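The values are calculated or read from the model by the stated rules, or taken from the named source; none is laboratory data. Please read all numbers here as calculations on a predicted model, not as lab measurements. So basically every Cβ, Gly included, is an ideal-geometry build from the backbone, and we count neighbours across all protein chains shown. We work out accessible area using only protein heavy atoms, side chains counted, and drop any ligands, DNA or RNA first. Shrake-Rupley method; radii C 1.70, N 1.55, O 1.52, S 1.80 Å.
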Amino acid sequence: MSSVGKNIQKFRKAKNITQEELAEELNVTRQAVSNWETDKTQPDVDTLTQLSEALDVTVEELIYGEQKTKLETVTQTVTSDGGKAGISFGAALAMVISYAKWQSIGWAIVHGILGWVYVIYYIIKY
């Protein structure tokens, strides 16, 4: 599985822009972009959304490196880390935001509720 930082770097290079140019577009420092690309830090949910728009990709592509079907995403989440949640809450929230762009707000709410049910299930279980 590729890291978010490597995906940012891959899509930035594919778009043929420098770290400085990307930083300027996002109103962050070049060092912030460098830290993301080297996985020293992670962009927050709002920044992931801005990155996806600046790089002309989806938030899901930034997280996974490619577009996945909903079934692949759920399967990976359930089977990663010995059956525990395989993605962070921030990443899950970013996916919900991404889906809201493409689907109705109602589906985004359903995905959000299901995400919380999933989190609560694992809190109770463990």
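Tabulated data
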quantity	calculated
Qualifying residue in segment 1-14 (condition: polar (S, T, N, Q), surrounded by fewer than 15 Cβ atoms within 10 Å (Cβ to Cβ), at pLDDT below 90 and within 16 Å of the chain's Cα centre (by Cα))	yes
Pair list, Cβ < 6 Å and 6+ apart or interchain, from segment 5-27 residues that are touching a residue at least 40 places away in the same chain (Cβ under 8 Å) and under 11 Å from Leu55 (Cβ atoms) to residues that are buried (at least 16 other Cβ atoms within 10 Å of the Cβ) and aromatic (Phe, Trp, Tyr)	Ile8/Trp36
Meets criteria (open to solvent by less than 80 Å² (accessible area, probe 1.4 Å) and either farther than 26 Å from Gly115 by Cα or at pLDDT below 85 (or both)) for Leu48	no
